[in-house]
Structure formats: C-alpha cells, structure tokens
Ligand code: PEP
C-alpha cells in the first residue's frame, strides 16, 4: 500500500538546540491529531541521535541527509550508513541535487550509498530531477529515466520496494518557482510508468513518489491532490513548525 509522506530537509541549517526545540514543538503540535501522512525530518548528522530521542513517542521519523559510499574504515569526516542507523534515524536522503552538483555524486557513488543504506535497514529517499536547461530542451523525461537507471533500477524488486522517490526539478529548489500541479503529475506518472516497466504494476503502484521544489502551505494541497504525487520533500518551509505543519495538514 502506497504511503503519503511529508519530509523536511533542513540542509545545513539549525544548531543542535534549535533542532531539538523544533522537534519538541512539532511533537506537541501533532499530539492527538489523526494524520493522513507519515512525517519525516531530515537533519544534519550531528543532530540525529538527539532529535531521534526527542521524537520518541511521536509520529516523527528521522532521516540523515547523506551517508558515505563506504561501509567503514579510514575515511576521515565521513559518516557511514551503519552509524546513521545507530542514531535511531530510519531514512536517508540520497542523490539530492545539491550533493550531485557540489559534491559530484554520480550514479556509481549513489548506487553504493543506496545499497549500503538498505543493508543497514535505512530507507533511502532517492532524489531525481532535471536542471532548467534540460526542462527547456524537453529532456526531463529522459533525465529522470537515466537517474533511475544508473542508481536504483539495479536493485531487486524487494529492495526497490523500500525506496522512496523524490522528484525535485532543480530549477524549483529554493527558487520560489514551483512545478505546476499538472507538470508534477505528468512527470510523476511518467516515473511510475518506468517503475512499472522495470518491476511490474504492483511495485509501481506501491512506490511513494514525493514532489520537492518550493513546496509550501499555499501550494501543497493542490500538488498532493494529484494522483501520482504522494507528498513532498520540503526544504525552506521545513525550517519552522509554523510553515511545516500546514503542509502536513494538506493531507487532512
Ligand atoms: C529541497 O532541498 O529538497 C527542497 C525541495 O528545497 P525547497 O523546498 O526550499 O525548494
């Protein structure tokens, strides 16, 4: 059964005490509410153990924003999937466009990260999406297909079933530009058809595909009402409970 998810991505924002306060505030805001989606917060590595503890007893699950492409060893400054899992985090965001663009993460690196995450019981939130020039050239369908092919389409159907996808047009991330609900639905349906071709109709039907890119309280309801949009990956609007809560409530 396909899940609806609203996931935040704090990126490199918030001190530890700010992160803990946010979780306390969100937990209080969600208490007693019946939710129609899962709620995830993606946070910097150093916050994970503390905020996972703070989130205990609440519906909020925790995600790392990255993990290493190696299992363990002499990789100074890296954080492994096993270390992420040991904090209580249950998800890891992989393939975010900022990691692809600034840290040169390609399909081979991302394949290793996805496999290591899955081996440690973490669910990858795997990001795909085209840049502005690719959209303008009408290449967005082939770009997302290639990104799926080079990383997650080599997984078994069972492992692929544990992956959450996030379609994030790079031109919409942090820019205030949003894909229209029709644009989002068109490409989400395309992504689902690619999954169906690769793994069959049931795996495609069960796959959660999030939209990301300047999603906010004003546009979430319309985006999430599209049949193939199963929630959002939220950057800027996940930094305050005031902005994040109405996005969660867009599913009510
Ligand atoms: C993101 O970074 O994944 C994102 C969608 O950011 P924003 O919501 O700020 O566009």
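Among the residues of segment 19-31, are any over 20 Å from the mean Cα position of the chain (by Cα) and free of Cβ contacts under 8 Å to residues at least 24 places away in the same chain? Yes, because at least one residue in segment 19-31 is over 20 Å from the mean Cα position of the chain (by Cα) and free of Cβ contacts under 8 Å to residues at least 24 places away in the same chain. Regarding segment 85-92, can at least one residue be identified that is assigned to a helix (DSSP H, G or I) and away from the ligand (no atom under 16 Å from the Cβ)? For segment 85-92, residues assigned to a helix (DSSP H, G or I) and away from the ligand (no atom under 16 Å from the Cβ): present. For segment 217-231, the count of residues that are at pLDDT below 95 and closer than 18 Å to residue 182 by Cα is zero.
Are any of the residues in segment 186-208 within 30 Å of residue 19 (Cα to Cα) and at pLDDT 95 or above? So far as segment 186-208 goes, yes, one or more of its residues are within 30 Å of residue 19 (Cα to Cα) and at pLDDT 95 or above.
Within segment 148-155, is there a residue that is within 15 Å of the ligand (Cβ to nearest atom) and either touching a residue at least 24 places away in the same chain (Cβ under 8 Å) or touching a helix residue (DSSP H, G or I) at 6+ places or on another chain (Cβ under 6 Å) (or both)? Within segment 148-155, none of the residues are within 15 Å of the ligand (Cβ to nearest atom) and either touching a residue at least 24 places away in the same chain (Cβ under 8 Å) or touching a helix residue (DSSP H, G or I) at 6+ places or on another chain (Cβ under 6 Å) (or both). The residue that is farthest from residue 103 (Cα to Cα), among those in segment 49-71 that are out of contact with any helix residue (DSSP H, G or I) (no Cβ under 7 Å at 6 or more places or on another chain), in a loop (DSSP other than H, G, I, E, B) and free of Cβ contacts under 8 Å to residues at least 40 places away in the same chain, is 57. Inspect all residues belonging to segment 102-124 and state whether any of them is within 16 Å of the ligand (Cβ to nearest atom), in contact (Cβ under 8 Å) with a residue 60 or more places away in the chain and either touching a helix residue (DSSP H, G or I) at 6+ places or on another chain (Cβ under 6 Å) or assigned to a strand (DSSP E or B) (or both). The answer is no; no qualifying residue exists. Here residue 172 fits the description: touching a strand residue (DSSP E or B) at 6+ places or on another chain (Cβ under 9 Å) and within 11 Å of the ligand (Cβ to nearest atom). Going through (1) more than 14 Å from the ligand (Cβ to nearest atom); (2) more than 20 Å from residue 125 (Cβ to Cβ) one by one, residue 204 falls short only on (2). Only one of the numbered conditions (1) under 30 Å from residue 20 (Cβ atoms); (2) more than 16 Å from the ligand (Cβ to nearest atom); (3) in contact with a strand residue (DSSP E or B) (Cβ under 7 Å, 6 or more places away or on another chain) is violated by residue 252, and that is (3).
Inside segment 156-174, residues that are assigned to a helix (DSSP H, G or I), surrounded by 14 or more Cβ atoms within 10 Å (Cβ to Cβ) and in contact with a helix residue (DSSP H, G or I) (Cβ under 7 Å, 6 or more places away or on another chain) make up a count of 4. Condition check for residue 179 on (1) surrounded by 21 or more Cβ atoms within 10 Å (Cβ to Cβ); (2) within 15 Å of the chain's Cα centre (by Cα); (3) within 15 Å of the ligand (Cβ to nearest atom): one failure, at (2).
The values are calculated or read from the model by the stated rules, or taken from the named source; none is laboratory data. Because the structure is a prediction, the values reported are computed rather than measured. No Cβ is skipped: glycine too gets one built from the backbone with ideal geometry, and neighbour counts run over all protein chains shown.
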